[in-house]
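The values are calculated or read from the model by the stated rules, or taken from the named source; none is laboratory data. Worth saying up front: this structure is predicted, and the values here are computed from it rather than measured. A quick note on method: Cβ atoms are made from the backbone with ideal geometry, for glycine too, and the neighbour counts reach across all protein chains shown.
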Amino acid sequence: MMQVDASVTGGNSGGSVFNARGEAVGMVSFGKGAFNQAVPIARVLEVVDRIRRSAFASPAG
């Protein structure tokens, strides 16, 4: 997890976190006051890849 200083409100979960260069660096997880958390983009991409591989490996049902 990474702490972000951007404002996070209800409904922001799953939103992208960008750096000053406009690169996606994370995905909003939750926020409460100044304690706002995001999942680093490398972890997000790792999970997406795992889901894709398992979806293609599973027989259609």
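V8 is checked against (1) assigned to a loop (DSSP other than H, G, I, E, B); (2) aliphatic (A, V, I, L, M); (3) surrounded by fewer than 17 Cβ atoms within 10 Å (Cβ to Cβ) and fails just one. What number does that condition carry? Among (1) assigned to a loop (DSSP other than H, G, I, E, B); (2) aliphatic (A, V, I, L, M); (3) surrounded by fewer than 17 Cβ atoms within 10 Å (Cβ to Cβ), the lone unmet condition for V8 is (3). Restricting the first member to region 32-49 and to residues that are free of Cβ contacts under 8 Å to residues at least 60 places away in the same chain, and the second to residues that are surrounded by 10 or more Cβ atoms within 10 Å (Cβ to Cβ) and hydroxyl-bearing (S, T, Y), the beta-carbon pairs closer than 6 Å and six or more apart or on different chains are Q37/S29; A38/S29; V39/S29.
Can you pull out every residue in region 20-46 that is surrounded by fewer than 13 Cβ atoms within 10 Å (Cβ to Cβ), at pLDDT below 95 and either touching a Phe, Trp or Tyr at 6+ places or on another chain (Cβ under 7 Å) or not small (G, A, S) (or both)? Within region 20-46, K32, F35 qualify.
Whether a residue is surrounded by fewer than 17 Cβ atoms within 10 Å (Cβ to Cβ), on the phi > 0 side of the Ramachandran plot, free of Cβ contacts under 8 Å to residues at least 40 places away in the same chain and not in a strand (DSSP E or B) was assessed, and G14 passes this test.
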